[in-house]
Amino acid sequence: MPKISKNNVNLQKTGRVVEYAFNKAYDVTKDVNFISRFENADVYGDFVDETLASAIMVNQYPLMVYGKKLSMGGVGYVSSLPEYRGNGGISRLMKEILADLHEQGTAVSNLAPFSERFYRHFGYENTISQKKYDITPAAFSNLIREKGGLIKRGAFADEEISAAVISLHDAVLKENERNTIIREKWWWNRLDTYYANRNIAVCYEDEKPTGYLIYRINGLEFIIDEFVHKTPISFKRLLNFVGTHNGQCTSFSYAAPVHKNIEEAFTEHEGITVTLVPYMMSRIIEVKKLLDCLPIDANIVLGVQEDDLCPWNVGNWVKDSAEGWHKTDEVPDISGPITAFSQLLLGESPLETMLSSGKLSGKKMKEFEKLNGKVSFYDYF
């Protein structure tokens, strides 16, 4: 069986493969971050005789999709020993993973690709991008000043700080998110230990937390890891806090969700560079479960024309009040392969873009304007 039991022997074998594949110069089996992933994952291994040649970890994360909770299989630590690369081990494991996720009822899967072309063979497509900001110290002279709010700085170990951060993150999930992780306790703890020396600044208004900033100072670089704000005051106040470091740091960076627009807090944009970079790929495992989350009530027929590895998704799907979405013989209004529907429903590509690029065929439909959910995805696995 490709799924291996989690014992010390297999922990050591998995550790050796990961160390070589990811150039780790230390024993990962003594790393609390690796152990937390291993203990909370399904671990898949491809063996050649007694040697573990390839390994993949799959962690289950709850996901917020259009106000509803779905299960997501996060694929990570995809690794092989060099002497066994090219023998199809990873491909065999990926096929087993998709079959298992289907059996478990997992709705979607996300991963950070080492090769986009490779993962498209398994039905994954680019869905989540990052808006990367690079800001010079001088640019902060053009920042709109904000004196409202109170900033408290600390670490995640501080109970008041962590409670504020978690409550604000959970508040974001209640908004119109379409592919955002609901962080469980073990994942919050791992994020804190994985990134060394992270600081947290929380903005309070009338003694209530309204925004937070998670950041690191790496040498002379100020790195914003996460930025959440619920009010205009917290938006500008936290950026003013960043700006107080312009005499201490020579560069500022922030890998933001696509919908963030921090440039709006600046009166001039000189010294601000913005780059859009692909980040995560997604794959629909159970299309019915995903379709049942959509805020669409109209009689629309969607045709999934191609899905070799998850053939249960193929067909024309329509919604009614009794069954939700189900298969039909009706002619589809919009059709295409599962990769295109993953991009449309789990990413931020509007229907018009998908039609004009030829990834989907059909007609523009005003009902899809409701699919304006954001993707606030800061996580990595």
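The values are calculated or read from the model by the stated rules, or taken from the named source; none is laboratory data. Remember, it's a predicted structure, so these values are computed and weren't measured experimentally. Note that we place each Cβ from the backbone using ideal geometry, even for glycine, and neighbour counts take in every protein chain shown. To get the accessible areas, we keep the full protein, side chains included, count just its heavy atoms, and leave off ligands, DNA and RNA. Shrake-Rupley method; radii C 1.70, N 1.55, O 1.52, S 1.80 Å.
Out of PHE341, PHE368, PHE377, report the one residue that is in contact (Cβ under 8 Å) with a residue 40 or more places away in the chain, in contact with a helix residue (DSSP H, G or I) (Cβ under 6 Å, 6 or more places away or on another chain) and either of a type outside the set (Gly, Ala, Ser) or open to solvent by less than 10 Å² (accessible area, probe 1.4 Å) (or both).
Working: PHE341 fails: in contact with a helix residue (DSSP H, G or I) (Cβ under 6 Å, 6 or more places away or on another chain); PHE377 fails: in contact with a helix residue (DSSP H, G or I) (Cβ under 6 Å, 6 or more places away or on another chain).
Being in contact (Cβ under 8 Å) with a residue 40 or more places away in the chain, in contact with a helix residue (DSSP H, G or I) (Cβ under 6 Å, 6 or more places away or on another chain) and either of a type outside the set (Gly, Ala, Ser) or open to solvent by less than 10 Å² (accessible area, probe 1.4 Å) (or both) holds for just one of PHE341, PHE368, PHE377, which is PHE368.
Please name all residue pairs, on different chains or six or more residues apart, with Cβ atoms under 9 Å, provided the first residue is in the stretch 211-222 and is under 16 Å from ILE135 (Cα atoms) and free of Cβ contacts under 8 Å to residues at least 24 places away in the same chain and the second residue is in a strand (DSSP E or B) and of a type outside the set (Phe, Trp, Tyr).
Note: pairs meeting the criteria are ARG216/ASN199; ARG216/ILE223; ARG216/ILE224; ARG216/ASP225.
Conditions first: (1) open to solvent by less than 60 Å² (accessible area, probe 1.4 Å); (2) on the phi > 0 side of the Ramachandran plot. ASN23 passes all but one, so which condition is the exception?
Result: ASN23 passes all but (1).
Pairs please, first residue from the stretch 143-161 and closer than 24 Å to ARG190 by Cβ and in contact (Cβ under 8 Å) with a residue 40 or more places away in the chain, second anywhere and open to solvent by less than 90 Å² (accessible area, probe 1.4 Å) and in a helix (DSSP H, G or I), Cβ atoms under 6 Å, 6+ apart in sequence or on different chains.
GLY154/ILE161; PHE156/SER162; PHE156/ASP192
With closer than 22 Å to SER129 by Cα, open to solvent by less than 50 Å² (accessible area, probe 1.4 Å) and part of a strand (DSSP E or B) as the only criterion, which of GLU263, GLU226 stands out?
GLU226 is the lone residue from the list that is closer than 22 Å to SER129 by Cα, open to solvent by less than 50 Å² (accessible area, probe 1.4 Å) and part of a strand (DSSP E or B).
Would it be correct to say that TRP317 is open to solvent by less than 10 Å² (accessible area, probe 1.4 Å), touching a Leu at 6+ places or on another chain (Cβ under 7 Å) and either among the charged types (D, E, K, R) or over 30 Å from LYS132 (Cβ atoms) (or both)?
Answer is no for this residue.
Between ARG216, ARG237, which is of a type in the set (Lys, Arg), in a strand (DSSP E or B) and open to solvent by 40 Å² or more (accessible area, probe 1.4 Å)?
Step by step, each of ARG216, ARG237 is checked, and only ARG216 is of a type in the set (Lys, Arg), in a strand (DSSP E or B) and open to solvent by 40 Å² or more (accessible area, probe 1.4 Å).
Which residue pairs have Cβ atoms closer than 6 Å, lie 6 or more positions apart in sequence or on different chains, and pair a first residue in the stretch 45-64 that is in a strand (DSSP E or B) with a second residue that is open to solvent by less than 10 Å² (accessible area, probe 1.4 Å) and polar (S, T, N, Q)?
Here the result reads ASP46/SER54; ALA55/THR14; ALA55/SER79; MET64/THR180, each pair linking the stretch 45-64 to a residue that is open to solvent by less than 10 Å² (accessible area, probe 1.4 Å) and polar (S, T, N, Q).
One residue is enough: does the stretch 101-113 have a residue meeting the conditions touching a strand residue (DSSP E or B) at 6+ places or on another chain (Cβ under 6 Å), more than 25 Å from GLU175 (Cα to Cα), open to solvent by less than 20 Å² (accessible area, probe 1.4 Å) and not in a strand (DSSP E or B)?
Yes: one or more hits.
Among (1) farther than 22 Å from VAL258 by Cα; (2) open to solvent by less than 40 Å² (accessible area, probe 1.4 Å), there is one condition ALA139 misses while meeting the rest; what is its number?
Failed condition: (1).
Looking at the stretch 73-94 only, could you name the residues that are outside any strand (DSSP E or B) and either touching a Pro at 6+ places or on another chain (Cβ under 9 Å) or among the hydrophobic types (A, V, I, L, M, F, W, C) (or both)? I'd like the intermediate steps shown before the answer.
Filtering the stretch 73-94 for residues outside any strand (DSSP E or B) gives 81-94.
The answer is LEU81, ILE90, ARG92, LEU93, MET94.
Please work out which one of (1) among the small types (Gly, Ala, Ser); (2) open to solvent by 50 Å² or more (accessible area, probe 1.4 Å); (3) part of a strand (DSSP E or B) is the condition ALA322 fails and give its number.
Result: ALA322 fails condition (3) only.
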